[in-house]
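Every read-out reported here was derived from the displayed coordinates using simple, explicitly stated rules and does not represent laboratory data. Source: prediction; values computed, not measured. Because the Cβ atoms are built from the backbone with ideal geometry, glycine has one as well, and the counts that use them run over all protein chains shown.
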Amino acid sequence: MEAAVFILSLVDCCALIFLAVYFIITLSDLECDYINARACCSKLNRWVVPELVGQALATVLMLVSLHWFVFLLNLPVATWNMYRVWKVPMGNMGVFDPTEIHNRGQLKSHMKESMIKLGFHLLCFFIYLYSSVCV
Amino acid sequence: MSNTDFSSQNGAGGPPYANGPSQNPVALQPPGPGYMAHQTPYNPMQAKGPMPPGPGLYNSGPYQPIPPVSSNQALPGQPMLKRPPMGPQHSMTPPQSASPNPGSRIPPAHATPPPVSANNYQHAPAWQYGGTPPMGAPPSMGAPPPMAMPPLRPVGNHMTSSPSLATPQASSAEYRATPPVFHNAMQPLGPPTSLQGYTQQGSAPLLMNPMAAPHSYQPVMRAPYGGPPPSVRPTPPTTGPPMGNASPPLGPKTDAGPLPPQQPGPPTRHMGLSYPSLPPGYQNTSAPPNAATMQHPVQPSTQPYSHPPPYQQLSAGPAQLSPSLSGLSLQSQTPEALRVVNLLQERNLLPLGPVTPPTPCLPQDLQKINCHPEVFRSTLTSIPQTQSLLNKAKLPLGLLLHPFKDLSQLPVVTSSTIVRCRSCRTYINPFVTFLDQRRWKCNLCYRVNDVPEEFMYNPVSRSYGEPHKRPEVQNATLEFIAPSEYMLRPPQPAVYLIVLDVSHNAVETGYLDVVCQSLLENINALPGDSRTKIGFITFDSTIHFYNLQEGLSQPQMLIVSDIEDIFLPTPDSLLVNLNECKELVQDLLRSLPQMFGKTMETQCALGPALQAAFKLLSATGGRVSVFQTQLPSLGVGALKSREDPNQRASAKDIQHLSPATDFYKKLALDCSGQQVAVDLFLLSSQYCDLASLGCISRYSAGSVYYYPSYHQQHNPAGVECFQKDLKRYLTRKIGFEAVMRIRCSKGLSIHTFHGNFFVRSTDLLSLPNVNPDAGFAVQMSIEENLVDMQSVSFQAALLYTSSKGERRIRVHTMCLPVVNSLSDIFAGADVQAITCLLASMAVDRSVTASLSDARDAMTNASIDSLTSFRTSVLTIQQPGLLAPACLRLFPLYILALLKQKAFRTGTSTRLDDRVFAMCQLKYQPLAYVMLMIHPALYRVDDLTDEGALNVSERTIPQPRVQQLSVEKLSRDGAFLMDAGSVIYLWIGRNCNPNFLTQVLGLPNYAAVPLNMNMLPELDTAESQRTRAFVGWLREQRPFFPILHVIRDESPLKASFLQNMIEDRTESALSYYEFLLHIQQQVSK
């Protein structure tokens, strides 16, 4: 059971890592002007909800298997993801809005956020890996 | 000197290049020769020709010499030829004297100056930033004229094509006329000014001020001018106080003797004595000459079209600058910007004329070719070296642009290769450095590029080997005719689509008559060529298309009632060639108002109509003009009323400033992708949710017009306004499928954009349409330290298709010095630009956060910057609220913003009015925004011709601007308030009966009607003066301000009084209270 939970988390985590890398690549494409804001944002917005679900899944898995430490580690990220989606203004086209992304350093903050998430997921990845091996 | 040169560029260059892209003769000519032919007058050499007397005079003025010579052009042969604006003077001058063939390029007259400048500049290293004040001074004197120049000719520039119609001869004649004027004016001016600058500085050393330290060069420079005239005395106080300590006591005493009455004023001020009794010298009306000098350094650019006055003043000023007065001019020099003003004690802060932008402290030769501040303006005319320095100053750094402004003089260059930097793609501009004849160094990325062969030939002088004299390198603003590399597809024709709301509500307002009538009248004036296309769509609950195909006997209406899935009934014949089908179009326009006269349909499907418009235009791109009178209620994009009128005044925070749906934004982005722009005319009496509807224009680079309570019978003033605006709208210049890129020197980057457009990539704005009335703003951040740079440059390049189907690039380049001390940053602060940028930022903030947040942010901006000034720049702490003179209006403007329709709280403001005000703050160019923020109040019952302007044979009186306080209103006067989009004429109860009869044509006060929007055309001098003045105010802007005559009982009195910014209202602080609040925060 334990092993199954961790292996599932591991897979989930891999997916999240890929997603974070994808976000970073797409954002840096935008930064370098390889793609335009519209295309970039519609690409990214498509993956905002899957990311949220993936993160929530990992969090819930940890909760049901009563791994409190890992759960608490995951909880803030999951909460942040939901908050982000929830606070999108009605007139915006999603978390990533092509008309705003170049304003107020949003591009940079999105980039930073993705980087931090990548780091976090890598950390989780090793925790899950270690745990599943230990089990 | 600078003037002449400038005039040469502007004036002489102008005629051939008059800006109407379409009619421009030059454009049609073959690149090389045609260009030359026209340009002959433009030749810089010629322009300089008249200057000979200059050199002699220049001896006294170290700065004057530089301009002509130091410009890089002189140095083509010099490998060393560096042209950094600030420091490199030494390098420039030596080359000249040593230059192998100076004679060939430089008239002897000019050759002389260099040595002089060389001496002065030797010390440049020390100067760096410190040098700025002295440098600044001369430019400040010299610069205004250049700025003033353009205004001299702007006459016709509102009409799209009219400017270009000016015949070459006419303008060249004009040009020729101008130089002499300038000479007279300027030359006397130059020497005294610089003299003073120096004397002033000379005294400075005594004071141990922070400023002085950096200026180690100062003593040296001053030496030549050693014998300070009597005027010297006054200066110390001026310089002293801001920085100083020891001197002030000395100052006042010494001054008192030799100086004119006002002079003592400043010193005392600094000493913290009571000023109220001693208004600052420059405000003192008692000394007109002084006033004149004072004014113009700051004046020229605030009011885009108003230049003539500053210019005239300028010419007057110098003449009056006799030695005895020379002392006064000190105040106009850069240190003046830092003179400490105690806001709590100084009541009368408004300058006599318009507020003028500071002049960047660049060497005069660079400054005189710098971009005109109306077109390109920076909040800080001295760029801080590092972001941390900028953060310390607490002032926003940003640019305000008006790139497609109607210009009366615009050089147009036709050439098969457009010279650009190979790495950053910057267009070659006056601020690049020529390393030698064959290589130039980009001023933005510092890459060294080759000069192409073709560029070696100078069509102006028809000579070879003078790349630095090409017009590209002589003009900071110019236009290229783009070759085919700049086209992704063949240039599109001008395409106009009119989308009209014909629901019951719309027909009721009677706007259809006005629109159709205006179109009929202006159908031949629509910008375009033989390919111009036009189409019409009307909508209520269904969408109606009009088949106007040639051969039909009358227009055919096609109704599409399936609004869920809109389609085009006959895709080919809905958009027709205007010339071929003009008859049918006119038929349609004549019958349209009647067609829907009896309609009972109240629903309105705006969303589907816009989708249809987008489909219709997506193949070509073009302009959609949407006329809408109510909340869209059907189909996609339907909106619900979100406003609760009862909450308007009481609500803690204003809700619903952001769009309710993303439909309009998405559609706007689709439009933007297909080069379609949507202009929105909102004529409504109830809530229309402009916050949502506005998105359609905002992201497709359209414009928004809003006429609240529009009704044909009930609101005749609104109708007139709509008519006039529509005329301007239909006939103004237009650019299609445009993009604008804003480049800046390495190390700087753009942080945020404000205006109507879609930001396609980090520095590229997509503008499906660009119109001459659109302004833009950007916020900048400093990403890398600018340590080794003396100056930075900004370049805005606008690539567009003219209505004649030509691809053109309009390039503006601005160069600004880099400084490393807070005091220099403050000295270069441009209070109007800062206010406008803050307003744009506050609009963003109120949409993303909340209105109260935005209000706090604005208040804090003024508190923070004044705190920073107090703690970091002032060395002596005095009581009171101290501000540098250049920012003395800052708290007032912030208070005005807080009371502006967009941001005010506590008073009942309709949500649409508020949102529209916000749109305008972001979209209007600076000059109009300033009037909307801080209206101008004039007393008009005693207009005289004294100091009047002469514009095209009309005499326009120039009354003084009054403070916006009821205290200034007197019952026996009449006052005119110019609030940008509306003008109020307030009649006092005991108003001079003469004024009533002679101007208003009314027997007495009681006869003043409650609704009066016109001044009768009476044949009296008073009436003529008043009408000339009002007419002149109106001419200066592209929209039509309504005139309301107001008396005590008028319903509009409340809105008039709301503009009395300095007074207290139930919900807002008075100016004095606001200052006390700031002071409290500052001294914490």
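Take every pair of alpha-carbon atoms less than 8 Å apart whose residues are at least six positions apart; their mean separation over the length of segment B:848-1001 yields a relative contact order of 15 percent.
Between the C-alpha center of segment B:782-858 and that of segment B:886-905 there is a gap of 19 Å. Only helices reaching 15 angstrom along their own axis (Cα) with mean Kyte-Doolittle hydropathy no lower than 1.6 count here, and for the DSSP H runs of chain A these are A:2-31. If R₀ is 56 angstrom, what is the calculated FRET efficiency for the pair B:ASP513 and B:ASP436, using the beta carbon separation as r and rounding to 0.05? Plugging the Cβ-Cβ distance into 1/(1 + (r/R0)^6) gives 0.25. Each listed q (0.19, 0.20, 0.22, 0.31 Å⁻¹) maps to a log10 I(q)/I(0) for segment B:974-1017 from the Debye sum over equal C-alpha point scatterers, namely -0.57, -0.63, -0.76, -1.29. Note on B:ASN1004 and B:SER658: their simple-model spin labels are 5.9 nm apart, each label 7 Å out from Cα toward Cβ.
Summing Cβ point charges (Lys, Arg +1; Asp, Glu -1) relative to the Cα centre of segment B:657-785 gives a dipole of roughly 280 debye.
How big, in percent, is the set of alpha carbon pairs in segment B:386-499 lying more than 24 Å apart? The calculated P(r) of segment B:386-499 puts 44 percent of pairs beyond 24 Å. When the pairs B:LYS368/B:LYS733; B:LYS666/B:LYS746; B:LYS733/B:LYS1053; B:LYS582/B:LYS666 are compared against a 31 Å limit on Cα-Cα distance, B:LYS666/B:LYS746; B:LYS733/B:LYS1053; B:LYS582/B:LYS666 fall above it.
Across segment B:492-513, the residues whose backbone nitrogen lies under 20 Å from the label position 7 Å along the beta-carbon direction of B:GLU580 are B:492-498. Between A:ALA3 and B:ASP788, the C-beta separation translates, for a Förster distance of 60 Å, into a calculated FRET efficiency of about 0.50. Potential lengthening of the chain between B:GLN686 and B:LYS640 amounts to 15.3 nm, from the contour at 0.36 nm per residue minus the alpha-carbon distance. For the residues of B:757-769, the average number of beta carbons from a partner chain within 10 Å of their own beta carbon is 4. Mean partner shielding of peptide A:91-104, defined as the number of other chain Cβ atoms within 10 Å of each residue Cβ, is 6. Put simply, the convex hull of the Cα atoms in segment B:694-764 casts, on average, a shadow of 6.8 nm².
Straight Cα distances below 19 angstrom link B:LYS394 to the lysines B:LYS1084, with same-chain residues fewer than 8 positions distant left out. With each pseudo-label sitting 7 Å past Cα toward Cβ, what's the B:TYR446-A:PHE69 distance in nm, one decimal? About 5.1 nm, to one decimal.
Segment B:1064-1078 and segment B:952-1024 have Cα centres spaced 29 Å apart. Taken along the Cα-to-beta-carbon direction at a fixed 7 Å, the label points for A:CYS134 and B:ASP587 span 8.7 nm. Over all other residues within a Cβ to Cβ distance under 14 Å of B:ILE1042, the charged ones net out to 0, with Lys and Arg as +1 and Asp and Glu as -1. Given R0 = 51 Å, the distance between the Cβ atoms of B:GLU521 and B:ARG420 translates into a calculated FRET efficiency of 0.75. Think of each Lys and Arg Cβ as +1 and each Asp and Glu Cβ as -1; about the Cα centre, that makes the dipole of segment B:583-721 roughly 200 debye.
Highest-first packing order for the peptide set B:981-993, B:799-811, A:77-89 is B:799-811, B:981-993, A:77-89, based on the mean count of other beta carbon atoms within 10 Å.
Counting 0.36 nm for each residue step from B:ASN348 to B:SER749 and taking away their Cα separation leaves a gain of 140.5 nm.
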